Amino acid sequence: MGTRKQSFSVRARAAGWLWQRLTGVGLVLFLALHFWVQHMPTGFLATAEEYAVIMSEFAAADQRYVEAIAEGKIRDALPAEHVITYDKVSQRLANPLWKGIDVMLLVFAALHGMNGLYNVMGDYLRSSGARKAAFGGAVLLFLAVTVQGVVSIMSAGVR
Amino acid sequence: MRLLTRNDIPSLKNFIATVVSMTPKPGMVAWLLHRLTGLFLVLYLVLHTLGLRSMGDPVAFEKYVTMYRQPLFKFAEFLLLGVVAYHAFNGIRIILQDMFFRSGTERPLFYLVLLLTVMITVVGGYHIIYPYFIAPLLLWWGL
């Protein structure tokens, strides 16, 4: 087992190990904040009453919104429900600090996730060709997720 | 020390055979759950990023959010919190174990990880499922 050819130097693999720890600790903090903001009943979400107002305003402005409500693809909030809405997210992301926080969350998640995926695949791939292909795939996935995510975050609030 | 044989070579087949043949022990269960939750979270990260392409269009975004507000998805959101909480607490355990506790302490630390995971999932998850599963029950009981 010790004779397996490694694609990377000891130094590079040690850096990957350390980086996985650093991004992991960062993600615990970013995800705690993300969870508080997007999943808990706080002012970052709309209450049922606020959502009713948002729905009627949107319906008055955009015929596609009316159709989506008629088709059941956009639904009223239940009593006591807090809803993620375009308005609330746009308001939050109008602040450059929040944009920065969300970009950091995205990049950390993509780095940690794709490095982890490569580590797992590396445990089961023996040929150096397969390991290189796995690394290339992880890098491509990282780039795709990061670029698409940054575009989404930066375009938030821009119609 | 015994010599390594072909059966010791890491492969998916040997991995499954080993997992099935072993009596579950906390350290191994912790490792396996960390791996499975990690793989799931990578998949979820990709799906989440694809879904948020709708941020460019208000109507598409509200449709996307409404889809995730179905009762089944709310329950999945509850489970997602559990998956994230486990991966986070177990990750912290791995770091602490590397730095301070060394091996031999994984059993109590793993039980602590499970306890914290359940606590966070119940406390945070309560707010997620409340409007969908708990409020209707309270109403039904006439409270």
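The values are calculated or read from the model by the stated rules, or taken from the named source; none is laboratory data. It should be emphasised that the depicted structure is a prediction, and the values quoted were computed from it without experimental measurement. Ideal geometry is used to build each Cβ from the backbone, glycine not excepted, and the neighbour counts take in all protein chains shown. The accessibility values were calculated without ligands, DNA or RNA, using every heavy atom of the protein model including side chains. Shrake-Rupley method; radii C 1.70, N 1.55, O 1.52, S 1.80 Å.
Here is how the numbers come out for the structure above:
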read-out	value
Selected residue (only one of A:PHE44, A:PHE58, A:PHE30, A:PHE108 is at the interface with chain B (Cβ under 10 Å from one of its Cβ atoms) and either modelled with pLDDT of 90 or more or out of contact with any Gly (no Cβ under 8 Å at 6 or more places or on another chain) (or both))	A:PHE58
Condition broken by A:ALA77, with the remaining ones in (1) surrounded by 20 or more Cβ atoms within 10 Å (Cβ to Cβ); (2) farther than 20 Å from B:VAL84 by Cα; (3) not assigned by TED's automatic domain parsing to the domain that holds A:VAL53 satisfied	(3)
Test for B:PHE15: is it surrounded by 15 or more Cβ atoms within 10 Å (Cβ to Cβ) and out of contact with any Leu (no Cβ under 8 Å at 6 or more places or on another chain)	no
Residue list for the stretch A:118-159, filter: part of a helix (DSSP H, G or I), within 30 Å of B:LYS13 (Cα to Cα) and polar (S, T, N, Q)	A:ASN119, A:SER128
The one condition in (1) more than 7 Å from chain B (Cβ to nearest Cβ); (2) within 16 Å of the chain's Cα centre (by Cα); (3) touching a residue at least 24 places away in the same chain (Cβ under 8 Å) that A:VAL147 fails to fulfil	(3)
Hits in the stretch B:91-111 (condition: in a helix (DSSP H, G or I) and within 11 Å of B:GLY27 (Cβ to Cβ))	B:ARG93, B:ILE94, B:GLN97, B:GLU106, B:ARG107, B:LEU109, B:PHE110
Any hit, the stretch A:59-74, residues being open to solvent by less than 60 Å² (accessible area, probe 1.4 Å), closer than 20 Å to B:GLN70 by Cα and under 24 Å from the mean Cα position of the chain (by Cα)	yes
